[in-house]
Amino acid sequence: MDIKQILDWYILSGVEETAGEVPFAKFEATPLEGKKLPILKNVQESSVMTRQASTVLSQATQDACKDARERCQTVNSLSELKELVENFDGCALKLTASHTVFGDGAEDARIVFIGEAPGADEDRIGKPFVGRSGQLLDKMLQSAGLERSACYITNILPWRPPGNRTPTDGEVAVCLPFLKRQIDIIRPDYIFIMGGSAANALLDIQDSISRMRGHWMEYTDANGRKIPVLASFHPAYLLRNPGQKAKSWVDFLRLKQKMSEEKE
Ligand code: URA
C-alpha cells in the first residue's frame, strides 16, 4: 500500500488524529527507574491488589502538568478553578472540544462522582453526564435516594477527546490536577468513581474495574485528608451490558450503607 492508501484506510477506520498533543522524543524518555511496581494501594475492607501505574511522559507533558498544578494552587473556589481551566491552554483536547465541561454540583457536596471524559452531548451542552449515560446515572441516584443537586459530578478530563477516543496518558496527567483541586476544595466525605480508567487515573493504579468494584479504597487529598473511594462500572458500560446493572446497584447500596452508618 502507498502512503495515500494507508491514510485513506485510517480515515475510513475512524482515525481523526495522527499525532499526539505534544512532540514525544521516544528515545529520550527514561523509564521510571527504581519505582516499585507492585504495591498494595487499597486499605480498609479492600483486598484488591493493585499495581502502581508506570507512565513515561514527554518533557513537554511534564511541563504542562507542572504548570497545571502550580496554577491550581492559586485558586480556592470552584468558580475560580472553573475560570482557570477554561483559560488553560496546556492540553490540546481543548482545541477540538466545543465546551470546557467543568464539574457540576454543590460546593459542599458529601459525595463526588467521577467519570472519564465528556461525550458528544456533554461537549455540546457544557455539563457533565447529561447524555444517555447521565440519564442512567440520574436514575441510579434517584433510586438510591441521592439528590443529584446535592452531589458533585465531574470527570477526569474537562474536554471531550475527538471521536470519544481513549485519552492518552499525557492528557490524563495534564488534566488530573484540575480534578484533584476540585476534590481539595469540596472536601467530600466519599468519592464514587465510574469506570476503570477514571479509578486508575485518580488512584494512580492499574487494575480492572471488575476487580476493583465493590471494595472500599482510599484517596489522600493535598492536605493529607483520607477519603473513602468506591469504584463501579461506568453507566455507558451498563447501557451496553445491562446484565451488570445489578452489581452497580449493589455498589450504590454499599455507598448508602456507609453513609448511614457514619451518620449514626
Ligand atoms: N461519560 C463520562 O465519563 N462523562 C460524562 O460526562 C459523560 C459520559
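The values are calculated or read from the model by the stated rules, or taken from the named source; none is laboratory data. From a predicted model like this one, the values you see are computed outputs, not experimental measurements. Because the Cβ atoms are built from the backbone with ideal geometry, glycine has one as well, and the counts that use them run over all protein chains shown.
Overview of results
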{"read-out": "Scan of segment 159-171 for residues that are closer than 19 Å to Leu203 by Cβ and outside any loop (DSSP other than H, G, I, E, B), ordered by number", "value": "Asp169, Gly170, Glu171"}
{"read-out": "Residue in segment 215-231 that is surrounded by 15 or more Cβ atoms within 10 Å (Cβ to Cβ) and part of a helix (DSSP H, G or I) present", "value": "no"}
{"read-out": "Conditions (1) more than 14 Å from Ile156 (Cβ to Cβ); (2) in contact with an Asp or Glu (Cβ under 8 Å, 6 or more places away or on another chain); (3) part of a helix (DSSP H, G or I); number of the one not met by Leu239", "value": "(2)"}
{"read-out": "Any pair with Cβ under 6 angstrom, 6 or more apart, that starts in segment 122-146 at a residue that is touching a residue at least 40 places away in the same chain (Cβ under 8 Å) and under 26 Å from Pro162 (Cβ atoms) and ends at one that is within 10 Å of the ligand (Cβ to nearest atom) and among the aromatic types (Phe, Trp, Tyr)", "value": "Leu137/Phe129"}
{"read-out": "Among (1) surrounded by fewer than 24 Cβ atoms within 10 Å (Cβ to Cβ); (2) closer than 22 Å to Ser208 by Cα; (3) within 16 Å of the ligand (Cβ to nearest atom), the one test that Gly163 misses", "value": "(2)"}
{"read-out": "Pick from segment 193-223, criterion of a type in the set (Gly, Ala, Ser) and more than 14 Å from the ligand (Cβ to nearest atom), ranking: modelled with the lowest pLDDT", "value": "Gly214"}
{"read-out": "Helices (runs of 4 or more DSSP H) contained entirely in segment 54-138, each with at least 3 residues that are more than 16 Å from the ligand (Cβ to nearest atom) and surrounded by 14 or more Cβ atoms within 10 Å (Cβ to Cβ)", "value": "59-72, 78-86"}
{"read-out": "Subset of segment 139-160 (residues that are surrounded by 17 or more Cβ atoms within 10 Å (Cβ to Cβ), within 15 Å of Phe252 (Cβ to Cβ) and either of a type in the set (D, E, K, R) or more than 9 Å from the ligand (Cβ to nearest atom) (or both))", "value": "Met140, Leu141, Leu146, Arg148, Cys151"}
{"read-out": "Hits in segment 139-158 - residues which are under 19 Å from the mean Cα position of the chain (by Cα) and either part of a loop (DSSP other than H, G, I, E, B) or acidic (Asp, Glu) (or both)", "value": "Cys151, Ile156, Leu157, Pro158"}
